[in-house]
Amino acid sequence: MQRPVYLDYNATTPVAPEVADAIEPYLREHFGNPSSTHLYGRRAREAVEAARAEVAGLIAAEPDEVFFTGCATEANNLAILGVARALRGKKRHLVTSAIEHPAVSQPCRMLREDGWEVTVVPVDGDGLVDPQAVARALRPDTALVSIMHANNEVGTLQPIAEIAALARPRGILLHTDAAQSPGKVPVDIETLGCDLLTLAGHKFYAPKGVGALYVRRGTPIAPVLVGADHERGLRPGTENVPGIVGIGAAARLIAARGSSRDDLPHLCGRLHARLRDGVPGLRLNGHAARRLPNTLNVSFPGVSGRDLLHAVEAQVAASVGSACHAEGDAVSGVLAAMGLNADRARGAVRLSVGLPTTEAEVDEVAAALIAAWRRLMTPEPAR
Ligand SMILES: Cc1ncc(COP(=O)(O)O)c(C=O)c1O
């Protein structure tokens, strides 16, 4: 049976063959605990430290600024709750945006319940945060600003460097959730100017179950999980050595290919052009230019995105929004925050291409979606 074309690379990516090859010896022979001092342990420790250097290299950081976690959710929790714990009693205010992933908005909500004040900065119709709105929200007691680098649903890229230039001179820390960025756009902590940055292995061709948090040297941060002193006391728990080897190999792969596959924008543009030609009234959601080059979020007029994807499920695997809310019927919080009306939000579909995507696949997806949209728009003949 032919499988549907996978256009959901923002939900997760396949493990790259090079990455799987790098991991295999750590599943079979090199099973040691990196904390053990014998040969088995040393092998594992060397692999973890080599991976740390690869991940640091990808984002132009130093290896000792990279901390491995179990996922991006954990890295976001550690950044937000860890900074809040470290600055408790000195600061009591946070700033975030209206379109963050729940892995950021929920820890912020938890802190609010604990007495912190949280300012949620709105976005415009393209999903962009205005740096001046962030600046206006800053206070002497602001501990942290957490604004995502690239939005997972519409791909809009936020002006992180501009926000850093406004926050950091005032002694305010900046965290950015860059889970969606590697392999699509450059991620360089010096250019971005942030203090903390989140990565997710499974969004750039490493396996699930491994993430990383970049923490600039000198950043006040306390652990959120407590236990032994793994990851220099910031994240206890025996390291996921195969996963860490995987994220290291994926970082090497992405760094070697350049910031992105050059034709991701071409593939995405081709898909958009085909859909625009076949679907009058199709609307692009997200910024037309400041966007991840692999992400196309479009609203089909007159239908529900969910029904449309259901109609093409044998040919296309995509989603209506982020994979985490794909089951629910509620309108995407991101599209609502962008001010899209209910019909346009209901008709939205997120198509995201990846390194293995071909032109033929993109054409096949466009043809299937156009045909299904026409069928759904054709009224049933009266019986
Ligand atoms: C922007 C963003 N942040 C965080 C996450 C959470 O990643 P994970 O589920 O791997 O923890 C995701 C996953 O979709 C994401 O897109």
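Output the residues belonging to segment 80-102 that are within 16 Å of the ligand (Cβ to nearest atom), surrounded by fewer than 24 Cβ atoms within 10 Å (Cβ to Cβ), part of a helix (DSSP H, G or I) and aliphatic (A, V, I, L, M).
Hit for segment 80-102 is Leu81, nothing else.
Starting from segment 134-153, keep only residues that are closer than 17 Å to Gly115 by Cβ and without any contact (Cβ under 8 Å) to a residue 40 or more places away in the chain, then list their pairs with residues that are open to solvent by less than 10 Å² (accessible area, probe 1.4 Å) and assigned to a helix (DSSP H, G or I) whose Cβ atoms are within a distance under 6 Å, requiring at least 6 positions of separation or different chains.
none
For the condition more than 13 Å from the ligand (Cβ to nearest atom), among the β-branched types (Val, Ile, Thr) and outside any loop (DSSP other than H, G, I, E, B), what is the one hit in Ile254, Ile221? Spell out how you get there, then give the answer.
Working: Ile221 fails: outside any loop (DSSP other than H, G, I, E, B).
Answer to the check: Ile254.
What is the one condition in (1) in contact (Cβ under 8 Å) with a residue 12 or more places away in the chain; (2) open to solvent by 10 Å² or more (accessible area, probe 1.4 Å) that Val226 does not satisfy?
Every listed condition holds for Val226 apart from (1).
Scanning segment 173-192 for residues that are among the hydroxyl-bearing types (Ser, Thr, Tyr) and open to solvent by less than 20 Å² (accessible area, probe 1.4 Å), which turns out nearest to Arg139 (Cα to Cα)? Before you say what the answer is, go through the steps one by one.
So the first thing to find is which residues in segment 173-192 are among the hydroxyl-bearing types (Ser, Thr, Tyr), and the list is 176, 181, 191.
Okay, now just the ones that are also open to solvent by less than 20 Å² (accessible area, probe 1.4 Å), so 176, 181.
Details: Thr176: 19, Ser181: 29 Å.
This residue is Thr176.
Kindly indicate which of Arg291, Arg235, Arg270 is away from the ligand (no atom under 15 Å from the Cβ) and either farther than 19 Å from Gly354 by Cα or open to solvent by 20 Å² or more (accessible area, probe 1.4 Å) (or both).
Numbers: Arg291 fails: away from the ligand (no atom under 15 Å from the Cβ); Arg235 fails: away from the ligand (no atom under 15 Å from the Cβ).
Selected residue: Arg270, the only one of Arg291, Arg235, Arg270 that is away from the ligand (no atom under 15 Å from the Cβ) and either farther than 19 Å from Gly354 by Cα or open to solvent by 20 Å² or more (accessible area, probe 1.4 Å) (or both).
Return yes when Ala165 is away from the ligand (no atom under 16 Å from the Cβ), modelled with pLDDT of 95 or more, within 24 Å of Ser332 (Cβ to Cβ) and among the small types (Gly, Ala, Ser) and no when it is not.
On the way: away from the ligand (no atom under 16 Å from the Cβ): yes; modelled with pLDDT of 95 or more: yes; within 24 Å of Ser332 (Cβ to Cβ): no; among the small types (Gly, Ala, Ser): yes.
In short, no.
What do you reckon, is Asp64 more than 16 Å from the ligand (Cβ to nearest atom), more than 15 Å from Asn240 (Cβ to Cβ) and touching a residue at least 40 places away in the same chain (Cβ under 8 Å)?
Yes; evaluated as a whole, the condition is true for this residue.
Taking segment 334-354 only, how many residues are more than 14 Å from Asp126 (Cα to Cα) and surrounded by fewer than 19 Cβ atoms within 10 Å (Cβ to Cβ)?
Number satisfying all stated conditions: 2.
Mind checking which pairs have a first residue in segment 236-248 that is farther than 16 Å from Arg28 by Cα and a second that is of a type in the set (Ser, Thr, Tyr), Cβ under 8 Å, 6 or more apart or different chains?
Thr238/Ser35
For segment 194-205, does any single residue satisfy the condition of being closer than 30 Å to Asp21 by Cβ, in a helix (DSSP H, G or I) and open to solvent by 20 Å² or more (accessible area, probe 1.4 Å)? I'd like the intermediate steps shown before the answer.
Restricting attention to segment 194-205, the residues satisfying the condition of being closer than 30 Å to Asp21 by Cβ are 197-205.
Keeping just the survivors that are in a helix (DSSP H, G or I) gives 201-203.
After this cut, where a residue has to be open to solvent by 20 Å² or more (accessible area, probe 1.4 Å) as well, the list is 202-203.
There is at least one residue in segment 194-205 that is closer than 30 Å to Asp21 by Cβ, in a helix (DSSP H, G or I) and open to solvent by 20 Å² or more (accessible area, probe 1.4 Å).
In segment 326-335, is there at least one residue being away from the ligand (no atom under 16 Å from the Cβ), in contact (Cβ under 8 Å) with a residue 24 or more places away in the chain and aliphatic (A, V, I, L, M)? Before you say what the answer is, go through the steps one by one.
Of all residues in segment 326-335, those away from the ligand (no atom under 16 Å from the Cβ) come to 329-331.
Restricting the remaining residues to those that are in contact (Cβ under 8 Å) with a residue 24 or more places away in the chain gives none.
The answer is no; no qualifying residue exists.
Would you please name the residue that is least open to solvent (accessible area, probe 1.4 Å), looking only at residues in segment 13-30 that are within 16 Å of the ligand (Cβ to nearest atom) and farther than 29 Å from Arg232 by Cα?
Going through the qualifying residues, I end up with Thr13.
Take the conditions more than 16 Å from the ligand (Cβ to nearest atom) and either among the acidic types (Asp, Glu) or touching a residue at least 12 places away in the same chain (Cβ under 8 Å) (or both) and apply them to Gly57. Does it pass? It would help to see each step written out before you state the result.
Details: more than 16 Å from the ligand (Cβ to nearest atom): yes; either among the acidic types (Asp, Glu) or touching a residue at least 12 places away in the same chain (Cβ under 8 Å) (or both): yes.
The answer is yes for Gly57.
Each row is one residue, and each column tells you yes or no for (1) within 16 Å of the ligand (Cβ to nearest atom); (2) crowded, with 20+ Cβ neighbours inside 10 Å.
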{"position": "Val104", "(1), (2)": "yes, yes"}
{"position": "Cys108", "(1), (2)": "yes, yes"}
{"position": "Leu111", "(1), (2)": "no, yes"}
{"position": "Asp114", "(1), (2)": "no, no"}
{"position": "Gly125", "(1), (2)": "no, no"}
{"position": "Asp130", "(1), (2)": "no, no"}
{"position": "Ala137", "(1), (2)": "no, no"}
{"position": "Asp141", "(1), (2)": "no, no"}
{"position": "Ile147", "(1), (2)": "yes, yes"}
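Is there a residue in segment 113-120 that is among the charged types (D, E, K, R), in contact (Cβ under 8 Å) with a residue 24 or more places away in the chain and part of a strand (DSSP E or B)?
Scanning segment 113-120, I find at least one residue that is among the charged types (D, E, K, R), in contact (Cβ under 8 Å) with a residue 24 or more places away in the chain and part of a strand (DSSP E or B), so the answer is yes.
Quick test for you: out of Asn10, Asn33, pick the one residue that is open to solvent by less than 100 Å² (accessible area, probe 1.4 Å) and either within 16 Å of the ligand (Cβ to nearest atom) or in a strand (DSSP E or B) (or both). Steps first, answer last, please.
On the way: Asn33 fails: either within 16 Å of the ligand (Cβ to nearest atom) or in a strand (DSSP E or B) (or both).
Result: Asn10 is the single residue among Asn10, Asn33 that is open to solvent by less than 100 Å² (accessible area, probe 1.4 Å) and either within 16 Å of the ligand (Cβ to nearest atom) or in a strand (DSSP E or B) (or both).
The values are calculated or read from the model by the stated rules, or taken from the named source; none is laboratory data. On a predicted model such as this, the values are computed, not experimentally measured, just so you know. Every residue, glycine as well, gets a Cβ built from its backbone with ideal geometry; the counts of neighbours run over all protein chains shown. These area figures cover heavy atoms from the full protein model, side chains too; ligands, DNA and RNA do not enter into them. Shrake-Rupley method; radii C 1.70, N 1.55, O 1.52, S 1.80 Å.
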